[in-house]
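Read the figures in this text as sums done on the coordinates, not as results from a lab. None of these values were measured; they are calculated from a predicted model. Every residue, glycine as well, gets a Cβ built from its backbone with ideal geometry; the counts of neighbours run over all protein chains shown.
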């Protein structure tokens with residue numbers, strides 16, 4: 001089972017993740033793209049990274065917005081290093097911030 005990060009560790013991690021925040025028990029960010037096609041392209045690219053890590057986001061898409069929440073189910077729905085790693089990969093993929 002993955003070890004949840006403590007609040008101080010999460011705070012430090014968020015300093016490297018622009019626009020991300022702790023929302024309840026998850027790292028969260030909403031990305032706004034130019035249109036639906038861009039949003040779907042982003043989601044497809046993230047899906048490949050998530051699948052390679054075997055760590056999948058909770059996310060929604062409405063037109064040009066993609067809202068992402070990351071936490072680790074086998075850590076009781078808490079934030080772990082795996083969530084931070086995926087958030088960093090997502091951030092690197094995004095061209096909108």
Quiz item: What is the order of 46, 79, fewest Cβ neighbours within 10 Å to most?
Solution: 46, 79
Exercise. Let me know the Kirkwood hydrodynamic radius for segment 7-93, please, with Cα pairs as the basis and the value in Å to one decimal.
Key: 13.0 Å
Quiz item: How far, in nm, would the chain grow between residue 1 and residue 15 when pulled straight, counting 0.36 nm per residue and subtracting the alpha carbon separation?
Solution: 2.5 nm
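Give me 54, 74, 83 sorted ascending by neighbouring Cβ count inside 10 Å, so fewest comes first.
Least crowded to most crowded, the residues run 54, 74, 83.
Give the calculated FRET efficiency between residue 48 and residue 73 to the nearest 0.05, with a Förster radius of 25 Å applied to their Cβ-Cβ distance.
On the way: r = 20 Å, r/R0 = 0.81.
FRET efficiency, residue 48 to residue 73: 0.75.
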